[in-house]
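What follows is one structure encoded as structure tokens, with my remarks underneath.
The values are calculated or read from the model by the stated rules, or taken from the named source; none is laboratory data. Since this is a predicted model, take the numbers as computed values, not measurements. Reconstructed Cβ throughout: ideal geometry from the backbone, glycine too, with neighbour counts over all protein chains shown. Areas reflect the complete protein model, heavy atoms only, side chains present, ligands, DNA and RNA absent. Shrake-Rupley method; radii C 1.70, N 1.55, O 1.52, S 1.80 Å.
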Amino acid sequence: MTGKSLEFRTGSYGSLQQQQSNGVLHNHATALLIRKNSKVLLSNYREKERFVLYACRYLCRRRVGMVILVSFAFLAFLSGFFTINKETPGGNDIVDGLQDGRYNGWSVNNHLTSVFPGKEACPVCYVPVEQAVVSMPGSPSISPMLRNLTYVREENPVETEHHGGSDFGGYPSLKQRNDSFDIKDSMVVHCGFVKGSRPGHGSGFDIDEADLAELGQFHDVIVASAIFGNYDVIQQPANVSDVAREHIPFYMFIDEETEQFMKNASILDSSKRIGLWKIIIVHNVPYQDARRNGKVPKLLLHRLFPNVRYSIWIDGKLKLVVDPYQVLERYLWRQNATFAISKHYRRFDVFDEAEANKAAGKYDNGSIDYQIDFYRKEGLTHYSEAKLPITSDVPEGCVIIREHIPITNLFTCLWFNEVDRFTSRDQLSFSTVRDKIMSKVNWGINMFLDCERRNFVIQAYHRELLEHMPPPAPPVTVRQPQPRTPTIVVRDSTAVRNTGRKTSSKRGRDRRTGFKHHRRVAVGNRHTNSF
């Protein structure tokens, strides 16, 4: 370090020039002052150290340390909570935003969570059930352009093209497929059930006559689900109001395999009711794949229930925990929508969804590639901002909320035809059908956040996963140590009180030395009060 650089060292240490000008006397006085200050500092430090040690011993002896720690933790929690609230712009903007149908990125569900991870439920503002009931429109919504929709019937359908569908779907040709997207005032399209006199009667997916008669009755609202291949465990709805229990029927479609399991487990009896669910047994299912059979009631409810205005579909693994009227009011009536479905919690691009399906082994990879390549040649592109206000091309798909009018019926018919022609992964075909219809008519779909879906349905595990889960660990019982009772040992007319301590193995001098630490007391001495 050079002298020039030392000249600039000023501040608490003083400048080098000042020290040189004051001479040796100044340096000596400074040294004495430093020694004196050091002693004072050392004394203060020792006093503080003794105080800290005393405080620690006091806290430990009085057992109040834990109380103080809990108090500090509580204060820290309150500080963080108010800091978050203070940093959230607009005070109650989150609640106001939810009431207005907006979402600002944060939600409170016992704790603050971000919507982007996707697997948490976020709060949803529902109106009271009574208000939801009176919010139901008095007349059907207007179906844009399409007024009359009828369906193809053919007793002996013939497959004319590769990947053309099934007997149940009628093998529509590519020309018939393309023509079905040309929306007109009156249309005839393939929509399953091509055989038989009516859906459920000689058509495949056959249903008992008594049940068919019930399905044909008029209802404003129904809730429907299905379990095929004994794939799921039936879930009972919760928080259903008395008015909904009286006016909204709940239908669960099952196949014969699931029926047999339920009977063997004494779950299903002759009443064909399990809790709120009315069980509808399906015979002669059209597909070998149980999950593909489940697409029939999921997408073709309007064919099974020709006189129903509104329906809520939930997959068999889901438990409904909000009143159906409140769900309909929130996602259809309040939004002036006729079809609602949640977005996928993570993916919004069909190409990404296809790769995820292949990676998870959801379906044969070659079939997935064939379907995506077919759509690509038709013009399917990656999702981009150019599609706004559409915010996603991939639905979650396990819940469908809809009004039964011609345009929504057409949408689910054509969606089913894609599932019948290609893979059963309905997320892959959803956007293709939606975009082709929306390009022709002024109609849209309410795609809401998946965290909102998780607010009104709770997802359970499939039965297969439940059966392979390890059994829960047995509860651990902690045995309290039993206090050892002192015993009296009698030796040579003397008694020694035994406290359970380890006896000494000392001999000779060591034993005599240790004797003074113990007192032998004669039996019966009333002054015996120590060990």
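The listed residues Glu385, Glu159 rank as Glu385, Glu159 when sorted by accessible area, largest first, using a 1.4 Å probe. A straight line joining the Cα centroids of the range 156-193 and the range 298-353 runs 25 Å.
How high is the FRET efficiency from Asp289 to Glu159, r the C-beta distance, R0 22 Å, rounded to 0.05?
Numbers: r = 18 Å, r/R0 = 0.81.
Once the sixth-power term is evaluated, E becomes 0.80.
Of the whole protein surface, Lys358 contributes about 40 Å² of accessible area at a 1.4 Å probe radius. Taking a ≥ b ≥ c as the square roots of the eigenvalues of the alpha-carbon gyration tensor, the range 136-191 is classed prolate because a/c is 1.5 or more and a/b outweighs b/c. With the charge dipole of the range 285-440 set up from +1 on Lys and Arg Cβ and -1 on Asp and Glu Cβ about the Cα centre, the Cα lying farthest toward the positive end among the listed residues Gly316, Gly294, Leu328 is that of Leu328.
Label positions at Asn442 and Ser197, each projected 7 Å from the Cα along the C-beta direction, are separated by 4.4 nm.
Between rounded, prolate and oblate, where does the range 185-342 land on the alpha carbon gyration tensor, with a ≥ b ≥ c its root eigenvalues, rounded for a/c under 1.5, else prolate if a/b exceeds b/c?
Oblate.
Placing R0 at 41 angstrom, the Cβ-Cβ distance between Val188 and Arg273 gives a FRET efficiency of 0.60 after rounding to 0.05.
Using the heavy atoms of the protein chains and a 1.4 angstrom probe, tell me the accessible area per residue for the range 332-426 in square angstrom. Intermediate results must be reported in sequence, preceding the final value.
Values: 3570 Å² over 95 residues.
Solvent-accessible surface per residue comes out at 38 Å².
Take the Cβ atoms of Glu214 and Ser139, set R0 to 30 Å, and the FRET efficiency comes out at 0.75. For His382, the accessible surface of its heavy atoms amounts to roughly 110 Å² (probe 1.4 Å, protein chains only, rounded to the nearest 10). Under a crude label model (7 Å from the Cα following the beta-carbon direction), how far is Leu174 from Lys119 in nanometres? With each label placed 7 Å out from Cα toward Cβ, I get 4.2 nm.
Mind scanning Lys119/Lys377; Lys184/Lys362; Lys184/Lys319; Lys175/Lys195; Lys184/Lys295 and naming the pairs with a C-alpha gap bigger than 29 Å? Those over the limit are Lys119/Lys377; Lys184/Lys362; Lys184/Lys319.
Peptides 255-268, 322-335, ordered by how many other C-beta atoms sit within 10 Å of their residues on average, highest first, read 322-335, 255-268.
Give me the percent of DSSP beta bridges within the range 114-267 that run antiparallel, rounded to the nearest 5.
On the way: 1 of 10 bridges.
Bridges in the range 114-267 that DSSP calls antiparallel: roughly 10 percent.
Projected label points at Val321 and Ala356, each 7 Å from Cα along the beta carbon direction, are separated by 2.2 nanometres. The listed peptides 313-320, 348-355, ordered by packing as a protection proxy, come out as 313-320, 348-355 (highest mean of other Cβ atoms within 10 Å first).
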